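S.K.: I'd like to ask some things about the structure below.
Throughout, read-outs are computed from the coordinates displayed, never taken from laboratory work. Predicted, not measured: the structure shown is a model, and the values here were computed from it. A quick note on method: Cβ atoms are made from the backbone with ideal geometry, for glycine too, and the neighbour counts reach across all protein chains shown.
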Amino acid sequence: MNTIHTDVVVVGAGGGGAVLSLALAQQGIGCVVLEQAMGPPSGLRGEILQPNGQQVLARLGLLDKIPPTAVLSVRKFHFLRAGGERLCTVDYGMLAPPYNRALVTLPNAAHHTILDALSQRAPGAIRYGTPFREVIREGTRVVGVRAGGGNPLEVRSRVVVGADGALSKVRDALGLRADVHLYNEAYLIAIFDAAEPMEEARYFVGRKTILGMFPAAGQQVYAFYMIPAGGMEQIRAAGLEALRARWRAIDPSLAKSFENLTDWKQTAYMPTGRVQTASWVTDGAALIGDAAHAMNPHASQGRMQAMVDAMTLAEVLGRSLERNDCSATSLREYEQRRRPQVDMLQRLADEQVLFWNAGHPILAALRDRVFRTLDRNARLRYAVLETTAGLRSRPPFGWLDRLIAAGFLPDPRADSVPIPSPSPGGRG
């Protein structure tokens, strides 16, 4: 068996693993990345970079490196009832520049930018086609991993990081207890040409109905359509015209664009789940991203939180390695810094599942009432936007705010919002 030695071995080259590896390489810390896929990702996935994700890329020197032809800046997100009635508009312009917008990228554009930078900074750091097999321990301490199939590989390291997704094999091997919950809903994702230019995003909600339409570069549009978990085959069996007809009923204004969805190859299936892990660290090892805390996509923060995890852990690892102390006690600083925001977002996403996915008419009516209140109340709308943007660790609403949002109390501070001041760095 081939054996190599390094400071950190990262299992998984996804959004969190790639960012962590690059951040470590920029500090001069040795890192090996093990990825079971045979190469960089090429499949369809929707990618919206929220302001906190943009800040991460700016810190890495990469925000301006995403190809301009693959990214589109979007300021306004309109929430509507299925059929077209507007409920609320959220404008990222309320936030401080230059992060006062969302960036919609073509599939994997940001990820490839990170991987390209890593290959330039640390050639050969990523080993594709190398599945994780087991952790190596000396006593209670983790000291490396074994990986590979026909060509087994042993990597001895000072720290092991599991960045291998919600069904993490590293987490299981470390014995870190986790509650994995699969939601009853999944999403059909699609990308196709827009019949006419589209600059603002639309998010439709109805009774057990969600359809998000997000403009993308090259006059394309992403669709995110909620379907029952495991329901993709049933959707395919009904045919593309049946799918287009459902979407036309939800958003008649995009009927011509829906005609450009002509092949199932333009679609992908995305299951949804939540992971809550008792501890993210142990002696010589840590978890990041979905391996530690997968969340419902309603939070619009899953990938962003993995990126922020990576940057925080890179800082903590730099100090821990310098002190030659990679114990759970030393690594716990990372978890303590990250848990408040992650826990808040997971709770918020589950509340949104209850109301946004609602089939019950009373819950759906309450959801719509809250949206209409947000449209009139700049203070609450700003709090929600700040949370979605990943710039807030506290819940957006207290109990009094919840009563106001539901329309049961007036808000004398409805027009009170912070005056944004420019943030350093980034692309304006």
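S.K.: Using +1 at the C-beta of Lys and Arg and -1 at the C-beta of Asp and Glu, which of Thr388, Met311, Leu345 has the Cα lying farthest in the positive direction of the dipole of region 293-428?
M.R.: Result: Thr388.
S.K.: Send over the Kirkwood Rh of region 282-363, from the inverse of the averaged 1/r over different Cα pairs, rounded to one decimal Å.
M.R.: 14.0
S.K.: Just to be sure I understand: of the beta bridges DSSP finds with both ends in the chain, what percent are antiparallel, rounded to 5?
M.R.: 70
S.K.: Enumerate the lysines that Lys208 could reach by cross-link, defined here as Cα to Cα under 29 Å, with residues fewer than 8 away along the same chain left out.
M.R.: Lys76, Lys256, Lys265
S.K.: Enter the angle in degrees (range 0 to 90, nearest 10) between the Cα long axis of helix 378-388 and the first principal axis of the Cα atoms of the chain, meaning the one along which they spread out most.
M.R.: Relative to the chain, helix 378-388 is tipped by roughly 30 degrees.
S.K.: As a check on your grasp of the helix formula, calculate [θ] at 222 nm for the chain: sum -39500 (n - 2.57) over DSSP H runs of n ≥ 4, divide by the residue count, round to the nearest 500.
M.R.: The helix-only estimate for the chain comes to -11000 deg cm²/dmol at 222 nm.
S.K.: How far apart, in nanometres, would the label points at Gln234 and Ser119 be if each is projected 7 angstrom from Cα along the Cα-to-Cβ direction?
M.R.: For the pair Gln234/Ser119, the computed spacing is 4.2 nm.
S.K.: A follow-up question, please. Pairing the Cα long axis of helix 302-323 with the longest principal axis of the chain, what angle in degrees results, from 0 to 90 and rounded to the nearest 10?
M.R.: Approximately 30 degrees, to the nearest ten.
S.K.: I would also like to ask the following. Under the 0.36 nm per residue contour assumption, what length would be gained going from the current alpha-carbon distance of Ala255 and Thr69 to full extension?
M.R.: Length gained, Ala255 through Thr69: 64.4 nm.
S.K.: Among Leu118, Asn52, Leu80, flag the residue with its Cα farthest along the positive direction of the charge dipole of the chain, charges on Cβ as +1 for Lys/Arg and -1 for Asp/Glu.
M.R.: Leu80
S.K.: Ratio of Rg to Rh for region 316-428, alpha carbon only, Kirkwood?
M.R.: Computed over Cα atoms, the ratio is 1.12.
S.K.: How large are Rg and Dmax for region 121-228 when calculated on the C-alpha trace, in angstrom?
M.R.: Rg then Dmax for region 121-228, in Å: 21.3, 63.
S.K.: Also, quick follow-up: For the chain, what relative contact order do you get, as a whole percent, if you take Cα pairs closer than 8 Å and at least 6 residues apart?
M.R.: Computed over the chain, the figure is 21 percent.
S.K.: Mind checking the full-extension length gain between Tyr128 and Glu315? Use 0.36 nm per residue of separation minus the Cα-Cα distance, one decimal, nm.
M.R.: Separation in residues times 0.36 nm, less the Cα-Cα distance, equals 64.7 nm.
S.K.: To continue, here is another question. Would you pull out the residues with amide H under 5 Å of Gly165's amide H, same chain only if 5 or more places away, H placed 1.01 Å from N?
M.R.: Amide H neighbours of Gly165: Asp290, Ala291.
S.K.: What is the magnitude of the charge dipole of the chain about its Cα centre, with +1 placed on the Cβ of each Lys and Arg, -1 on the Cβ of each Asp and Glu, and no other charges, expressed in debye to the nearest 20?
M.R.: Computed charge dipole of the chain: roughly 480 debye.
S.K.: Follow-up. Points 7 angstrom from Cα along the Cβ direction at Ser393 and Ala414: gap in nanometres?
M.R.: In this crude spin-label approximation the distance works out to 3.3 nm.
S.K.: If the only charges are +1 at each Lys and Arg Cβ and -1 at each Asp and Glu Cβ, what is the size of the charge dipole of region 345-400 around the Cα centre, to the nearest 20 debye?
M.R.: 200
S.K.: Give the Cα extents of the chain along the principal axes, in whole Å, largest first.
M.R.: Principal extents (Cα only, largest first): 62, 50, 39 Å.
S.K.: Also, quick follow-up: Starting from the Kirkwood radius over alpha-carbon pairs of region 187-306, derive D by Stokes-Einstein at 4 °C in a medium of 1.567 mPa s and give it in µm² s⁻¹.
M.R.: Here the translational diffusion coefficient equals 81 µm²/s.
S.K.: Something else now. What size of dipole, in debye to the nearest 20, comes out for region 110-158 about its Cα centre when the only charges are +1 on Lys and Arg C-beta atoms and -1 on Asp and Glu C-beta atoms?
M.R.: I would put it at about 180 debye.
S.K.: What is the gain in length, in nm to one decimal, between Lys265 and Ala406 on full extension, counting 0.36 nm per residue of separation less the C-alpha to C-alpha distance?
M.R.: That pair, Lys265 and Ala406, stretches by 46.6 nm at full extension.
S.K.: What's the angle, to the nearest 10 degrees (0 to 90), between helix 15-26's Cα axis and the longest principal axis of the chain?
M.R.: Computed tilt is about 50 degrees.
S.K.: Can you return the aspartates and glutamates within cross-link range of Lys65? Criterion is Cα-Cα under 19 Å, with same-chain partners fewer than 8 residues away left out.
M.R.: Glu47, Asp116
S.K.: I'd like the Kirkwood hydrodynamic radius of region 1-91, using the inverse of the mean 1/r over distinct C-alpha pairs, in Å.
M.R.: Computed over region 1-91, the radius equals 16.6 Å.
S.K.: Could you check the simple spin-label distance between Val180 and Glu322, using points 7 Å along Cα→Cβ, in nm with one decimal?
M.R.: 3.8
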